[in-house]
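The values are calculated or read from the model by the stated rules, or taken from the named source; none is laboratory data. In this text the structure is predicted, and so the values were computed from the model without any measurement. Don't worry about glycine lacking a Cβ; one is built from the backbone with ideal geometry, like all the others, and counts go over all protein chains shown.
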Amino acid sequence: MRNTALSHIHESLGAKMVPFAGYNMPVQYEGINTEHETVRNNVGVFDVSHMGEFYLKGKNALALIQKVTSNDASVLTDGKVQYSCLPNADGGIVDDLLVYRINSEEYLLVVNASNIEKDWDWISQHNDLGVEMINSSDEYSLLAVQGPLAAKALQSLTNIDLVEMKYYTFEISNFAGMDDVIVSATGYTGSGGFELYIKNRDAETVWNAIFKAGTDFGIKPIGLAARDTLRLEMGFCLYGNDINDSTSPIEAGLGWITKFTKDFVNAEEIKKHKEDGVTKKLVAFELTEKGIPRHGYEIVNENGEVIGKVTSGTMSPSLKKGIGLGYVTKAYAKRDTEIFIQVRKKALAAVVVRLPFYKA
């Protein structure tokens, strides 16, 4: 079990710590619902230092990214971020990731903690272009400061105009007295905010500065459990649950990050998924009766026939109802279709809805 640079702080604050992707991580402090509402209404701080960071450098850096990712990174300009995925050779997904363009010959890829080694090996395997690859995952701490008051809470710590920062852009600047901090207007909650990439040696100093600066804005530490309910209310995919090595980007509703204007790994097969159609689709659903859908529960039709499986589910703290994502056969994927979630011996009625569940 590995600790982040801040694990000792979480423990001192009384966080419930759990193993996650090989790291000792805070799952909650005060309780999921309270922490969830803090982020929706004020501002909260997540330690997500377990995420992976790869630098790709050289004249062919973009060419390698174009080869291994589904989205078109050629549209990026300096200071822009893009959501993408790494297609595998079997029509599935190696991982989803963020691509940061620092300049024309330097990019930062941010990958999921559980896939760091797998992603590194996959990209390396396709690097016949002489691109310099640097795995900096062990050098960085990553703090996600999320919520509608995030910009105000952090503004005193930087000269960057945080309110004016556009979504999915970043700057590398001094932050809380530390040089070369990557300040990114990204996040996984749907309530706005920033992600800060900090060298491990500076992490505790920055953490303390953030909480001091955010005192008047009700800032609190937030655990990974609330991070999951927040992302699910937005319908953001979680790797390992909603997407994996056997799910096609088209099945997962990720056609918008799958661009066939360029060639990439297994583009031909995935293009067939788009043109010929797929047999199952990832849908969002809300329960219309009391209950909580959970990962792995079967989805059935009115006759009790199995038509799919829940990939993510929870009791929405914001909506006070059961919500979830799951793959169903195509015939049941249309909006407003009634489906049923098999919760123990009872089939609970649900309806297919449009994302996001939560609308600010």
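Just the residues that are in contact with a Gly (Cβ under 6 Å, 6 or more places away or on another chain) and of a type outside the set (S, T, N, Q), please, taken from the range 234-269.
M234, D245, E269
For the condition aromatic (F, W, Y), surrounded by 19 or more Cβ atoms within 10 Å (Cβ to Cβ) and under 22 Å from C237 (Cα atoms), what is the one hit in Y140, Y107, Y100?
Y100
Could you list, in sequence order, all residues of the range 24-34 that are in contact (Cβ under 8 Å) with a residue 24 or more places away in the chain and either among the aromatic types (F, W, Y) or surrounded by fewer than 24 Cβ atoms within 10 Å (Cβ to Cβ) (or both)? Quick ask: steps written out before the conclusion?
Here is the first cut: in the range 24-34, the residues in contact (Cβ under 8 Å) with a residue 24 or more places away in the chain are 25-30, 32-33.
Those that are in contact (Cβ under 8 Å) with a residue 24 or more places away in the chain and either among the aromatic types (F, W, Y) or surrounded by fewer than 24 Cβ atoms within 10 Å (Cβ to Cβ) (or both): V27, Q28, Y29, E30, I32, N33.
Any residue at all in the range 200-208 that is within 20 Å of T158 (Cβ to Cβ), of a type in the set (S, T, Y) and surrounded by fewer than 23 Cβ atoms within 10 Å (Cβ to Cβ)?
Yes, the conditions are met somewhere in the range 200-208.
Are there any pairs with C-beta distances below 9 angstrom linking a residue in the range 261-289 that is at positive phi to a residue that is in a strand (DSSP E or B), with the two at least 6 apart or on different chains, and if so which?
Taking only residues 6 or more apart or on different chains, the pairs are N266/P87.
Looking at the range 160-187, which of the residues that are part of a loop (DSSP other than H, G, I, E, B) and in contact with a strand residue (DSSP E or B) (Cβ under 7 Å, 6 or more places away or on another chain) is farthest from D228 (Cα to Cα)?
The first filter runs over the range 160-187 and keeps only residues part of a loop (DSSP other than H, G, I, E, B), leaving 160-161, 165-168, 176-177, 185-187.
Adding the requirement that they be in contact with a strand residue (DSSP E or B) (Cβ under 7 Å, 6 or more places away or on another chain) leaves 160, 168, 185-187.
Working: I160: 29, Y168: 20, A185: 19, T186: 16, G187: 12 Å.
Among those residues, the one meeting the criterion is I160.
Which condition breaks for G147 when tested against (1) surrounded by fewer than 20 Cβ atoms within 10 Å (Cβ to Cβ); (2) closer than 22 Å to G235 by Cβ; (3) touching a strand residue (DSSP E or B) at 6+ places or on another chain (Cβ under 8 Å); (4) assigned by TED's automatic domain parsing to the domain that holds R227?
So G147 meets the others, but not (1).
Only residues in the range 90-115 that are farther than 16 Å from D242 by Cα count as the first member; pair them with residues that are assigned to a loop (DSSP other than H, G, I, E, B) and basic (K, R), Cβ under 7 angstrom, at least 6 apart or cross-chain, and list the lot.
E105/K59
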